[in-house]
Amino acid sequence: MAAGPASASSFGGTSAGASSAGSSGSSGSTSGDDKVVLQARDDAASFVASNGHIRGAQLEAALLRLREHRADARQASDMELARAILAF
């Protein structure tokens, strides 16, 4: 239950981090991840402000995308990821 791994830089999805990881997706997938994450900011703010009670569709999509493409995101709680999205 370490909160440390959930930093904004951990889930920011920079091109350098994603391309060096050698994922099976296309090299352009990182910009798509960034777009999904950025579109989820309002939902993430509502989620954090409501202490996890308000879960918007864009936040759900971003959480799913982060966990599918980022190994470090799989260990983080929804709240940790929502806070990281806000910091992104």
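If the condition is being closer than 22 Å to residue 33 by Cα and either touching a His at 6+ places or on another chain (Cβ under 9 Å) or part of a helix (DSSP H, G or I) (or both), then the stretch 47-57 contributes 47, 48, 57.
I'd like to know if the stretch 13-22 contains one or more residues that are modelled with pLDDT of 95 or more and not in a helix (DSSP H, G or I).
Going residue by residue through the stretch 13-22, those that are modelled with pLDDT of 95 or more are none.
No, because not a single residue in the stretch 13-22 is modelled with pLDDT of 95 or more and not in a helix (DSSP H, G or I).
Looking at the stretch 58-65, can you tell me whether even one residue there is in contact with a helix residue (DSSP H, G or I) (Cβ under 9 Å, 6 or more places away or on another chain), outside any helix (DSSP H, G or I) and not hydroxyl-bearing (Ser, Thr, Tyr)? No, because not a single residue in the stretch 58-65 is in contact with a helix residue (DSSP H, G or I) (Cβ under 9 Å, 6 or more places away or on another chain), outside any helix (DSSP H, G or I) and not hydroxyl-bearing (Ser, Thr, Tyr). Here residue 45 meets each of (1) of a type outside the set (S, T, N, Q); (2) crowded, with 21+ Cβ neighbours inside 10 Å; (3) touching a residue at least 40 places away in the same chain (Cβ under 8 Å) with one exception, condition (2). Kindly evaluate residue 74 against the criterion of being surrounded by fewer than 17 Cβ atoms within 10 Å (Cβ to Cβ), of a type outside the set (Gly, Ala, Ser), free of Cβ contacts under 8 Å to residues at least 40 places away in the same chain and touching a Lys or Arg at 6+ places or on another chain (Cβ under 8 Å). Against the criterion (surrounded by fewer than 17 Cβ atoms within 10 Å (Cβ to Cβ), of a type outside the set (Gly, Ala, Ser), free of Cβ contacts under 8 Å to residues at least 40 places away in the same chain and touching a Lys or Arg at 6+ places or on another chain (Cβ under 8 Å)), residue 74 qualifies. In the stretch 31-58, the qualifying residues are those that are of a type in the set (A, V, I, L, M, F, W, C) and more than 16 Å from residue 80 (Cα to Cα), and the one that is modelled with the highest pLDDT is 57.
The values are calculated or read from the model by the stated rules, or taken from the named source; none is laboratory data. Just so it is clear, the model here is predicted, and its values are computed rather than measured. Cβ coordinates were reconstructed from backbone atoms using ideal geometry, including for glycine residues, and neighbour counts include every protein chain displayed.
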